[in-house]
Amino acid sequence: MRKYSVKWFLLLLLFSLLVSGCGGNELTSKHGGDLQTQRDELLRRPGIEEASARYQEMLTRMRDGLAARFTWMRWGTSQELIRAGCAEFDFAKDDLESQTLGVWVAFGDIPDAEWPEVQLVVTEIAAGYGFGSPRIMSDRPGDHTITALDQYGASYSVTGGRNISLNGSTGCHLPQAVKDRIAATGQ
């Protein structure tokens, strides 16, 4: 059982890092635009502290909502928050941060017939945080995964099968202190 959990943890961690824009080629910007356009976009976004707290709140509401519907669910953390840089922007790239917000696991199966209800609970909560319809990554008997992105590149993923897992990550954000400094000094 432990070996299975580690495998899923590593797979989900890799997926979260890929979706959140961490890593990549430093010579190109995934966001595009000139540095002024990138600066404006980053200053428009909430600071990483605010963004992280908001997405953590969403993930907590998802876990609570699923546990209320599926009373056997007991969530445990299989990975804590991880901070990383971002390759999505060239502007202020040394100050940018993204976060993988953790991976939570509930041991037990969701019957295939009940998977649509899992999707409904998660999707309704995520909509209140600016996420659109999820993308179905897998929808086979005993193997279900959905994921979604918001306007800032944040993501969440829910996987059901042998166990249920939930994870999320922020997009690229500046720390609030850096945003304040740039607003005050232009740099």
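The values are calculated or read from the model by the stated rules, or taken from the named source; none is laboratory data. Note that the coordinates shown come from a computational prediction; the quantities given were computed from them, not determined experimentally. Methodologically, a virtual Cβ is constructed for each residue, glycine included, from the backbone with ideal geometry; neighbour enumeration extends over all protein chains shown.
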Listed by first then second residue, the pairs whose first member lies in the range 74-88 and is farther than 22 Å from Arg61 by Cα and touching a residue at least 40 places away in the same chain (Cβ under 8 Å), whose partner is among the hydroxyl-bearing types (Ser, Thr, Tyr) and outside any loop (DSSP other than H, G, I, E, B), with beta carbons under 6 Å and at least 6 positions apart or on separate chains, are Ala84/Ser98; Cys86/Ser98
Expected single match for at pLDDT 95 or above and within 15 Å of Ala51 (Cα to Cα) among Leu166, Leu149 is Leu149
Those residues of the range 72-123 which are among the basic types (Lys, Arg) and more than 30 Å from Gln187 (Cβ to Cβ) amount to Arg74
Across (1) in contact (Cβ under 8 Å) with a residue 24 or more places away in the chain; (2) outside any strand (DSSP E or B), Tyr156 clears everything bar (2)
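This table checks each residue for (1) buried (at least 20 other Cβ atoms within 10 Å of the Cβ); (2) at pLDDT 95 or above.
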residue: Tyr55; (1), (2): yes, yes
residue: Gly65; (1), (2): no, yes
residue: Glu80; (1), (2): no, no
residue: Phe89; (1), (2): yes, no
residue: Pro111; (1), (2): no, no
When every residue in the range 51-96 that is outside any loop (DSSP other than H, G, I, E, B) and in contact with a Ser or Thr (Cβ under 7 Å, 6 or more places away or on another chain) is compared, the one farthest from Asp180 (Cα to Cα) is Ser78
Tell me whether the range 29-44 contains one or more residues that are modelled with pLDDT of 90 or more, within 15 Å of Gly153 (Cα to Cα) and among the acidic types (Asp, Glu). yes
Of the residues in the range 65-110, those that are within 18 Å of the chain's Cα centre (by Cα), among the acidic types (Asp, Glu) and within 19 Å of Leu35 (Cα to Cα) number 2
Exception for Gly128 within (1) in contact with a Lys or Arg (Cβ under 9 Å, 6 or more places away or on another chain); (2) at pLDDT below 95; (3) surrounded by fewer than 18 Cβ atoms within 10 Å (Cβ to Cβ) falls at (2)
